[in-house]
Amino acid sequence: MEVDQETNTQRQQRADAARNRERLLAVAEEVFRERGLEASVGEIAERAGVGRATLFRNFPTKQDLIIAVVTARVEEALAEGRAMLESTGDAEILFPFVKSLVGQQIDSRALFEAVGEETFLADERMRRAHAAIIELIDRLIAHDEQLGYVRSGLGAVDMLMLFKGACAVATSMPELGPAALERHLSLVRGAIAAPGRECPLQGTAPTIEDLHGRPASAARLS
């Protein structure tokens, strides 16, 4: 009986530890989204309802916490893409997947911008996550190319470059509003489409007046 009790206690402790970790990851992502990466781990622990010691048992450094949040998001994206490969049959999946990735990146911009820094890219966990995304995108390309949705010769890094461009539009040109991102994504879709496959552009071409909110002549004189 004592052995059974001890086993139950250990199971409860493991379950509690797993819940604490998941709670910390969720709260950390929320706090970083709201306040940027300058937010303190103390604030995260307090909002999660745990002590700093619990946080540091799970994530010894702030960098470990940031990487854990990002890799968790990458795992979600990988699961989404793999599910699309398994369940969508003959449907187009490369562009819908990339569009979903853009939405996630914009949602957690501070996190994804930070992990582009050299200190994060040197981390083995980030390299593994990056390699997994590359491998998945190559599989998505192969699927869509075989079915005639995308042009031949595309590679995963091509798609990452286009992905980063779409994210840059959303974050560096906020004055253009969400319509600019939709237009840029339609440009991406047109760029990767197989020859002869119609991909109409969304919206209208932005102008210098849209960028500056004033007449072009005034912009040149200022």
Residue tally, condition assigned to a helix (DSSP H, G or I) and crowded, with 21+ Cβ neighbours inside 10 Å, over the stretch 54-64
1
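Restricting to the stretch 88-138, give me the number of residues that are outside any helix (DSSP H, G or I), among the aliphatic types (A, V, I, L, M) and modelled with pLDDT under 70. I'd like the intermediate steps shown before the answer.
Here is the first cut: in the stretch 88-138, the ones outside any helix (DSSP H, G or I) are 88-93, 108, 115-117, 122-123.
Within this subset, residues satisfying the condition of being among the aliphatic types (A, V, I, L, M) are 91, 93, 115, 122.
Restricting the remaining residues to those that are modelled with pLDDT under 70 gives 115.
Qualifying residue count for the region: 1.
So which residues in the stretch 143-178 are closer than 20 Å to GLU198 by Cα and of a type outside the set (Ser, Thr, Tyr)?
The answer is HIS143, ASP144, GLU145, GLN146, LEU147, GLY148, VAL150, ARG151, GLY153, LEU154, MET159, LEU162.
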Of all residues in the stretch 163-203, which are under 16 Å from ILE93 (Cα atoms) and either of a type outside the set (Ser, Thr, Tyr) or touching a helix residue (DSSP H, G or I) at 6+ places or on another chain (Cβ under 8 Å) (or both)?
PHE163, LEU185, VAL188, ARG189, GLY190, ALA191, ILE192, ALA193, ALA194, ARG197, CYS199
On the basis of being out of contact with any Asp or Glu (no Cβ under 7 Å at 6 or more places or on another chain) and either surrounded by 18 or more Cβ atoms within 10 Å (Cβ to Cβ) or under 13 Å from VAL98 (Cα atoms) (or both), does ARG151 make the cut?
no
Any residue in the stretch 155-178 that is of a type outside the set (Lys, Arg) sitting within a Cβ distance under 9 Å of a residue that is modelled with pLDDT under 90 and loosely packed, with under 12 Cβ neighbours inside 10 Å? List the pairs, counting only those 6 or more apart or interchain.
ALA170/PRO178; GLU175/GLY213
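The values are calculated or read from the model by the stated rules, or taken from the named source; none is laboratory data. These numbers come from a predicted model, not from an experiment. Backbone-built Cβ (ideal geometry, glycine too); neighbour counts: all protein chains shown.
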